[in-house]
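The structure appears below as structure tokens.
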Amino acid sequence: MPADMLAQGIQTGRLSAEQYDANFADLHAPLDDHEALVAADRCYFCHDAPCMTACPTDIDIPLFIRQIATGTSDAAAKTILTQNILGGMCARVCPTETLCEEVCVREVAEGKPVLIGQLQRYATDGLMAKGVHPFVRAETTDKRVAVVGAGPAGLACAHRLAMLGHDVTLYDARAKAGGLNEYGIAAYKSTDEFAAKEVDWLLQIGGIVVNQGVALGSNVSLAQLQSDFDAVFLGMGLGGVNGLGLDGDDKDGITDAVDFIAELRQANELGAMPIGRDVVVIGGGMTAVDAAVQAKLLGALNVTLVYRRSRARMNASVYEQDLAASKGVRIITNASPNAVHGNGPVREVEFEYTDDDLKPTGQTVRLMADQVFRAIGQTLQGEGLPDLEGRKIKVSDTGATSVKGIWAGGDCAFGGDDLTVTAVAEGRDAAIDINANLMGGVT
């Protein structure tokens, strides 16, 4: 029998197996053939399509939707994957509501956009299900490139380099490739081990050797990579997590949201995941929302997400905020943590109300909490890296760093908007620039 949802403390098995399955089912069911044709038929196939401009990877959206509409979905998939090799995952997690679909002519005119994200998933899933890899590796160039980090940026870079004929060695600190896609996405957004399947599919291009459990600065040095390879791409993401900076931040029951999400993504049995009765999540980005929603789906009775500024300034999109609210998450804004209470385990977190400039008002509120997740940002870790800007690696438009022969992209690089789709674009563009440099300007 499931544990009583009213029981205090951090408990496992708060729900029945059927409830867990229902709660963590695919957030958006995939379109069937008929639904895809109906959705594709709504596209105006604009000549100067605003959706293309809004896509960080520059996918020809009208073209791939027309290809679906004419019954050539495999061709649609290749159109997508030519620009975004992780188009399957991006179709699941990309905030289309603030990118391509927000500027869709149908959205502007009717408030109901073409289902671009779901159509992208329909095409890419269909091709992957056939085991087809639509790209052919070029003749080898005998050039060797090291890619550090097997997340979206690193995978996109490695694939494009391999396709251009270079030999790529991919290093990643974790046991499984995928980075954010494997460890940092809410479980209900990527079901059925899709991230791992997409990596396996991507590697079909050939020419990529993956070394797991190898961390930059620990198992291998940047100087060694520079010596052993013709070029290096850094896409290792952010390894450090910001603390609350309060006394009691280390009490039992307080943990990092990224660790919680990663553990949940790798869990074989959802009922074995411990969750508190009263959960507080501190932060306002996607990590905070994913942690809060999943805490509720695991059976927490009360989940409160607290952000220090206004709701309009939360990094999480309005769609994600509304999703959290629809799942029963309470959102409190303009409140900053100033004390943690509890004798041993955490029992309460005290917040002080602030304005948008973080000026304290003197008014406080205490929230009961037997589990607290910190989601207040991550930091770049490592020594001897290229020049930094804003505590991340400084890069040019093509990802080149201050050190000749080293490029960077994804979360570890300055700029961008911390989206999977943006990381893919940066990895792809860096690969094109690396190729141009290695081949003497020939792209």
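The values are calculated or read from the model by the stated rules, or taken from the named source; none is laboratory data. The model shown is predicted, which means the values in this text are computed figures rather than measured ones. Neighbour counts are summed over all protein chains in view; Cβ atoms, including those assigned to glycine, are modelled from backbone coordinates with ideal geometry. In case anyone asks, the SASA skips ligands and DNA or RNA and just uses the protein heavy atoms, side chains included. Shrake-Rupley method; radii C 1.70, N 1.55, O 1.52, S 1.80 Å.
Values computed for the structure shown
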| quantity | calculated |
| --- | --- |
| Strands (runs of 3 or more DSSP E) enclosed by the range 203-309 - at least 1 residues per element that are in contact with a Cys (Cβ under 9 Å, 6 or more places away or on another chain) and open to solvent by less than 20 Å² (accessible area, probe 1.4 Å) | 231-234 |
| Selection within the range 311-343 - aliphatic (A, V, I, L, M) and in a loop (DSSP other than H, G, I, E, B) | MET314, ALA316, VAL329 |
| Whichever residue in the range 191-202 is among the acidic types (Asp, Glu) and surrounded by fewer than 16 Cβ atoms within 10 Å (Cβ to Cβ) and, among such residues, is farthest from GLN294 (Cα to Cα) | ASP200 |
| Identity of the residue in the range 121-169, charged (D, E, K, R) and not in a helix (DSSP H, G or I), that ends up farthest from THR57 (Cα to Cα) | ASP142 |
| Neighbours by Cβ (under 9 Å, 6+ apart or cross-chain): first from the range 349-371, touching a residue at least 12 places away in the same chain (Cβ under 8 Å) and within 9 Å of ALA335 (Cα to Cα); second open to solvent by 60 Å² or more (accessible area, probe 1.4 Å) and among the charged types (D, E, K, R) | PHE351/ARG308; PHE351/ARG366; THR354/ARG308; LEU358/ARG308 |
| Test: ASP355 is modelled with pLDDT of 95 or more and either surrounded by 15 or more Cβ atoms within 10 Å (Cβ to Cβ) or not aliphatic (A, V, I, L, M) (or both) | no |
| Test: residue in the range 423-439 that is under 30 Å from GLN224 (Cβ atoms), surrounded by 15 or more Cβ atoms within 10 Å (Cβ to Cβ) and free of Cβ contacts under 8 Å to residues at least 40 places away in the same chain | yes |
| Checklist (1) modelled with pLDDT of 95 or more; (2) polar (S, T, N, Q); (3) farther than 16 Å from ASP278 by Cβ applied to ASN343, failing item | (1) |
| Count of the range 358-376 residues which are of a type in the set (Gly, Ala, Ser) and either open to solvent by 80 Å² or more (accessible area, probe 1.4 Å) or not in a strand (DSSP E or B) (or both) | 2 |
| Residue match in the range 208-219 (condition: among the small types (Gly, Ala, Ser) and touching a helix residue (DSSP H, G or I) at 6+ places or on another chain (Cβ under 9 Å)) | no |
| Failed item in (1) of a type in the set (A, V, I, L, M, F, W, C); (2) closer than 23 Å to TYR183 by Cβ; (3) part of a loop (DSSP other than H, G, I, E, B); (4) modelled with pLDDT of 95 or more, with VAL403 passing the rest | (2) |
| Output for the range 74-114, where each listed residue is open to solvent by less than 30 Å² (accessible area, probe 1.4 Å), more than 22 Å from ASP290 (Cβ to Cβ) and in a helix (DSSP H, G or I) | ALA76, ALA77, THR79, ILE80, LEU81 |
| Some residue of the range 411-419 being under 25 Å from the mean Cα position of the chain (by Cα), assigned to a strand (DSSP E or B) and closer than 30 Å to MET236 by Cα | yes |
| Criterion violated by GLY71 - all others in (1) assigned to a loop (DSSP other than H, G, I, E, B); (2) touching a residue at least 40 places away in the same chain (Cβ under 8 Å) satisfied | (2) |
| Candidate set from the range 125-165 (those that are open to solvent by less than 10 Å² (accessible area, probe 1.4 Å) and farther than 25 Å from GLU193 by Cβ); member that is farthest from the chain's Cα centre (by Cα) | GLY165 |
| Selected residue (criterion: surrounded by the fewest Cβ atoms within 10 Å (Cβ to Cβ)) from residues of the range 28-73 that are modelled with pLDDT under 95 and closer than 20 Å to MET128 by Cα | ALA29 |
| Index of the failed condition, GLY390 passing every other in (1) under 15 Å from LEU234 (Cα atoms); (2) exposed (fewer than 13 other Cβ atoms within 10 Å of the Cβ); (3) within 22 Å of the chain's Cα centre (by Cα) | (1) |
| Tabulated pairs, the range 292-320, first within 28 Å of PRO274 (Cα to Cα), second among the charged types (D, E, K, R) and assigned to a loop (DSSP other than H, G, I, E, B), C-beta under 6 angstrom, 6+ apart or interchain | VAL293/LYS327; LYS296/LYS327; GLY299/ARG14; LEU301/ARG277 |
